[in-house]
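For reference, the structure is listed below as structure tokens.
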Amino acid sequence: MTKQVKQLDRVIIRFAGDSGDGMQLTGDRFTAETAAFGNDLSTLPDFPAEIRAPAGTLHGVSSFQVHFADHDILTPGDKPDVLVAMNPAALRANVADLEPGATVIVDSHDFSTRNLTRAGYADNPLEDDSLDNFAVHQVDLTALTVEAVKEFGLSRKDSARAKNMFALGLVSWMYGRPTESTVEFLQTRFASKTELRDANITAFRTGWNFGETTEAFAVSYEIKPAVMRPGRYRNITGNLALAYGIIAAGQRSGLSVFLGSYPITPASDILHELSKHKRFGVTTFQAEDEISGIGAALGASFGGALGVTTTSGPGVALKSETIGLAVMLELPLLICDIQRGGPSTGLPTKTEQSDLLQAMFGRNGEAPVPIIAPRSPSDCFDAALEAVRIAVTYRTPVMLLSDGYLGNGSEPWRLPEVTELPDIEPAFATAGSEPFLPYARDPETLARPWAVPGTAGLEHRIGGLEKADRTGDISYDPANHDLMVRTRQAKVDRIAASIGPLEVDDPGSEHGQRARILVLGWGSTYGPIGAAVRRARRDGISVAQAHLRHLNPFPSDLGEVLRRYDRVVVPEMNLGQLALLIRAKYLVDVVGYNKVRGLPFGAAELADVIQGVAAELPAREG
Amino acid sequence: MTSIDLPTPDLRFDGLAGVPSTETPQTRKDFASDQEVRWCPGCGDYAVLAAVQGFLPELGLRRENIVFISGIGCAARFPYYLDTFGLHSIHGRAPTIATGLAVTRPDLSVWVVTGDGDALSIGGNHLIHALRRNVNTTILLFNNRIYGLTKGQYSPTSETGKVTKSTPMGSVDTPFNPISLALGAEATFVARTIDSDRVHLTSVLREAAAHRGSSLVEIYQNCPIFNDGAFDALKGGGREAAIIPLVHGEPITFGSEGEHGLRRDARTGAIDVVEVAELGAESLLVHDAHTDDPSLAFALSRLTDAGRINRAPVGIFRQVERPTYDDLARQQVTTARQTSGEGDLGALLSGRDTWTVA
């Protein structure tokens, strides 16, 4: 049978099943195949906090969305074109996100009355008209898989578990994905369990062949490789890029890296990753709690290492006092907050941007801390290097605000040349002829000396009590305290001098007709905002985009940029935290757009917001 | 799960191995900083400071390779008065900072100075984990059984019924026995000494500094303002009957004539106070601080009065060898470099699956 091949420019696929169905693995493999094929891509894993929620329930549904295209894309996509649902609950939890015309591939095996009831269905959606708007492929994935792997002598349960590889094979055929990497992956993963290895590979190949031979699937699709900047690429998640950025910062500064951390979702992967790279001089310390994690990191910094701690919002709350101490000691320290839904335990596996004000103000006293935010998974690498540059140069704790979406999401990353990465200069203090002054300052940066133990002539005592200017002795003098509070603030403010002007993407500025609307964001909203701005421009709206990497201090020209626009729109996955800072500092009445659903913004949703703001703009004066 | 066979450690059980020494003779004055000492007149901390300043020259270490780290409390001012590197941190967290420093800097002699509130209340969690890990640090726990810096509230070692500003009808808390706690936390070196007994204090410091691993030294320390006389039974006349001296390898006797002794029931492990004249010296318990089984040390620790202290064992309860966390952590880094070579950043970033866009 000759099958038709259709050309598409982009596709969004969502794999959904029980949290034990292996959907994250399926998504990861499809992503790896897609990366190898050369499409641009962006992914969104979405899984419950429970390790194994009760099977077949809505809250046990785990999904993985991948968006891939023959052109540059910015987000994992709003609405899936294809939903692969491994059971009734996965169908019910995701079907509302589909547009009419979407393809649904569903494992019909588990649509028993019991499972339908468990998923909250009164009637079988495969038998009524509720899915009429979609192209539904009912396939008994479970039975086909069990049949295909029966020769390997596995239990029925183990046989059925390979159904995710059957589904992967089928979808890989539909979109012409290369299969070698998945076969190699399965060979390695199950190297010691040959029957599982053979069963999974067979299920994968059978799924592919099923697509190719059965009449139910008449069409396959081709999405050409994307035109991307020349270079060598790999796919990378935000947490992996952040871990690599920390290692790179250690290499470029010549400092040994010490990570003190306590496991917490969604940051633990960074601890896992760094613990594998001891040969780069990286030491990881799994502490008894969050406080000990940062305490040990600060102790390592005092000793001349690059102290790092990784956590999420609840952990930052526990670390606050030690961050304040680091502000007082004026020692380099990197604190990575992979934000998640809050407050309290909140939504551990869902994303949010609601720790900005915590990072900014969450300490007693006047305790300014520089804040850096990556804007995409691969950008976590550069953000880590920049955060370490600031920490080391200015002798200060630095907060890096990633989030669950960036941490777990992935995209292609154009590999940097190692030799072109920025150098970071620790410039440890050495003894001179004058008596050592631990709180004397560099006139340009206001940084104090990093005087590490073991250096003769630099013996000194520091601590959390207020310091006398220059000598660092304990001081309760009112004028000195006022001076030191202002000096610590001034030191952080001076970082702005090292970060260059804010990049503004304003298509009108070249021909003298600047846009009237600016969309300003920070962190992981970069992708959705960028995609929304493109849509709005296609619809004829003149809109500019700027994205903040530095949240404290802001770029020096931010106020000036904001005042150029009639409207400044600030979308945030919180209730308006950046908006509050901008209004307070620049008296600019920004328009907030705020949602805290635990999910990234959709591009269409933000494009509507821009449309709305544009529609309400009064006519241009003059 | 993959299990990893730890390499057999080849580590010197010497707390100061790796710390550079100096040929230049040092005196007490070399370790006194230019800061004015600001404890209350009569505070036991003065005696401990004098003992430490007097003892440090004996180690012959370079001053710049010694670091004292403290938390919060009266005792936490200690680092300011020593001309070494010092870090006066935040309440209860000194063991965490010391851990990070000790792991990254094997060339430093790292000391923690803490009090009963700092170590056992707000910092209790860090103390027990530092002890079980056996990080190479010496922890001086100044126990005055009261909160001094906050002006006189009861502490986690105050006796039940203690009347203080925060317990006008008497405390209803059961106190910690710091020695029992440390032993329960798998500590490898546990000792007790008294601020006013400089000779004994110095001898314990010597052993503690020489021990590789976490050494916990409880120092009974008088607070003349808020808990004066808490340890008077162990000082002055009659102290021979109150102090049970622990010396490794020696039969345990006490009293002005050595007339009291300890006997251990071989079957239950329980320890009784007996009269030496009645039972004979050969039936007395001989102290063994080096035995791997901590139950003897624990049983001895229970002879400490929980209420007002009229009797307490003093000396080294336990001193055993176990690989330290910091040595093992560094060894993993060394092993990783030996087996796989120094890391190559370019290769790391590339990973296994790359593609090229021309």
Practice prompt. Kindly indicate whether any position in segment B:222-237 is more than 25 Å from the chain's Cα centre (by Cα) and over 21 Å from residue B:47 (Cα atoms).
Written response: no
Worksheet item: How many of the residues making up segment A:264-273 are outside any loop (DSSP other than H, G, I, E, B), surrounded by fewer than 24 Cβ atoms within 10 Å (Cβ to Cβ) and touching a helix residue (DSSP H, G or I) at 6+ places or on another chain (Cβ under 8 Å)?
Response: 2
Worksheet item: How about segment A:456-473: which of its residues are within 11 Å of chain B (Cβ to nearest Cβ) and in a loop (DSSP other than H, G, I, E, B)?
Response: A:456, A:457, A:458, A:459, A:460, A:464, A:465, A:471, A:472, A:473
Practice prompt. Kindly indicate whether any position in segment B:67-75 is in a helix (DSSP H, G or I), within 13 Å of chain A (Cβ to nearest Cβ) and more than 16 Å from the chain's Cα centre (by Cα).
Written response: no
Item to complete: Just name the residue that is surrounded by the fewest Cβ atoms within 10 Å (Cβ to Cβ) out of those in segment B:323-358 that are more than 7 Å from chain A (Cβ to nearest Cβ), of a type in the set (S, T, N, Q) and under 23 Å from residue B:14 (Cβ atoms).
Response: B:334
Discussion item. So for segment A:433-452 (the condition being over 30 Å from residue A:554 (Cβ atoms) and under 37 Å from the mean Cα position of the chain (by Cα)), does at least one residue qualify?
Written reply: yes
Worksheet item: Looking at segment A:122-148, which of its residues are under 35 Å from the mean Cα position of the chain (by Cα) and assigned to a helix (DSSP H, G or I)?
Response: A:141, A:142, A:145
Practice prompt. Check whether at least one residue in segment B:146-166 is in a helix (DSSP H, G or I), among the polar types (S, T, N, Q) and touching a Phe, Trp or Tyr at 6+ places or on another chain (Cβ under 8 Å), and report yes or no.
Written response: no
Worksheet item: Which pairs do you get when a residue that is more than 8 Å from chain B (Cβ to nearest Cβ) and at positive phi, found in segment A:440-455, comes within reach of a residue that is assigned to a loop (DSSP other than H, G, I, E, B) and surrounded by fewer than 20 Cβ atoms within 10 Å (Cβ to Cβ), reach meaning Cβ atoms under 7 angstrom, with the pair 6+ apart or on two chains?
Response: none
Discussion item. For segment A:474-490, check the following and say yes or no: at least one residue is within 14 Å of chain B (Cβ to nearest Cβ), of a type in the set (A, V, I, L, M) and outside any helix (DSSP H, G or I).
Written reply: yes
Worksheet item: Which pairs have Cβ atoms under 8 Å, sit 6 or more apart or on different chains, and link a residue in segment A:27-43 that is facing chain B (nearest Cβ under 10 Å) to one that is crowded, with 22+ Cβ neighbours inside 10 Å and aliphatic (A, V, I, L, M)?
Response: A:35/A:41
Item to complete: Looking only at segment A:524-538, decide whether some residue is under 23 Å from residue A:371 (Cα atoms), among the charged types (D, E, K, R) and surrounded by fewer than 21 Cβ atoms within 10 Å (Cβ to Cβ).
Response: no
Discussion item. Quick check on residue A:283: is it among the β-branched types (Val, Ile, Thr) and facing chain B (nearest Cβ under 9 Å)?
Written reply: yes
Item to complete: Give segment A:53-73 a look and list any residue that's assigned to a loop (DSSP other than H, G, I, E, B) and surrounded by 21 or more Cβ atoms within 10 Å (Cβ to Cβ), or say none.
Response: A:73
Worksheet item: Is it the case that some residue within segment B:82-91 is of a type outside the set (Val, Ile, Thr), more than 7 Å from chain A (Cβ to nearest Cβ), within 19 Å of residue A:259 (Cβ to Cβ) and part of a loop (DSSP other than H, G, I, E, B)?
Response: no
Practice prompt. Would you please name the residue that is nearest to residue B:222 (Cα to Cα), looking only at residues in segment B:233-261 that are among the β-branched types (Val, Ile, Thr) and assigned to a loop (DSSP other than H, G, I, E, B)?
Written response: B:247
Discussion item. Suppose we filter segment A:290-311 for residues that are within 19 Å of residue A:355 (Cβ to Cβ) and at the interface with chain B (Cβ under 7 Å from one of its Cβ atoms); how many remain?
Written reply: 2
Worksheet entry | Selection within segment B:92-131 - farther than 26 Å from residue B:158 by Cβ and in a loop (DSSP other than H, G, I, E, B) | B:105, B:106, B:107, B:108
Worksheet item: Given the conditions (1) within 11 Å of chain B (Cβ to nearest Cβ); (2) closer than 20 Å to residue A:310 by Cβ; (3) touching a Ser or Thr at 6+ places or on another chain (Cβ under 8 Å), and given that residue A:406 satisfies all but one, which numbered condition is not satisfied?
Response: (1)
Worksheet item: Which residues, taken from segment A:43-81, are farther than 15 Å from residue A:14 by Cβ and either in contact with a Ser or Thr (Cβ under 8 Å, 6 or more places away or on another chain) or among the hydrophobic types (A, V, I, L, M, F, W, C) (or both)?
Response: A:48, A:49, A:50, A:51, A:52, A:53, A:55, A:58, A:60, A:69, A:73, A:74
Worksheet item: Within the bounds of segment B:61-79, is there any residue that is surrounded by fewer than 24 Cβ atoms within 10 Å (Cβ to Cβ) and farther than 26 Å from residue A:468 by Cα?
Response: yes
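Matching residues to (1) under 17 Å from the mean Cα position of the chain (by Cα); (2) at negative phi; (3) among the polar types (S, T, N, Q):
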site: B:59; (1), (2), (3): no, yes, no
site: B:65; (1), (2), (3): no, yes, yes
site: B:83; (1), (2), (3): no, yes, no
site: B:88; (1), (2), (3): no, yes, no
site: B:95; (1), (2), (3): yes, yes, no
site: B:132; (1), (2), (3): yes, yes, no
site: B:135; (1), (2), (3): yes, yes, no
Worksheet item: List pairs: first in segment B:223-239 and over 20 Å from residue B:40 (Cα atoms), second surrounded by fewer than 17 Cβ atoms within 10 Å (Cβ to Cβ), Cβ under 8 Å, 6+ apart or cross-chain?
Response: B:233/B:308; B:233/B:310; B:233/B:311
Worksheet entry | segment A:304-318 residues that are closer than 30 Å to residue B:85 by Cα, paired with ones that are of a type in the set (Phe, Trp, Tyr) and buried (at least 24 other Cβ atoms within 10 Å of the Cβ) (beta carbon under 7 Å, 6 or more apart) | A:305/A:258; A:306/A:258; A:307/A:258; A:308/A:258
Worksheet item: Taking segment B:315-346, which residues are aliphatic (A, V, I, L, M) and touching a Leu at 6+ places or on another chain (Cβ under 7 Å)?
Response: B:316
Worksheet item: Taking into account only those residues within segment A:233-263 that are more than 11 Å from chain B (Cβ to nearest Cβ) and either in contact (Cβ under 8 Å) with a residue 60 or more places away in the chain or in a helix (DSSP H, G or I) (or both), which is surrounded by the most Cβ atoms within 10 Å (Cβ to Cβ)?
Response: A:242
Worksheet item: Among the helices (runs of 4 or more DSSP H) contained in segment A:149-219, which hold 1 or more residues that are surrounded by 13 or more Cβ atoms within 10 Å (Cβ to Cβ), more than 14 Å from chain B (Cβ to nearest Cβ) and among the small types (Gly, Ala, Ser)?
Response: A:156-160, A:163-174, A:194-213
Worksheet item: Can you tell me which residues in segment A:368-395 are among the hydrophobic types (A, V, I, L, M, F, W, C), within 15 Å of residue A:320 (Cβ to Cβ) and in contact with a Lys or Arg (Cβ under 8 Å, 6 or more places away or on another chain)?
Response: A:369
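All of the numbers you see were taken from the coordinates with simple rules; none came from a lab. All values reported here derive from a predicted model rather than from experimental measurement. Using ideal geometry, Cβ is built from the backbone for each residue, glycine included, and neighbour counts are taken over all protein chains shown.
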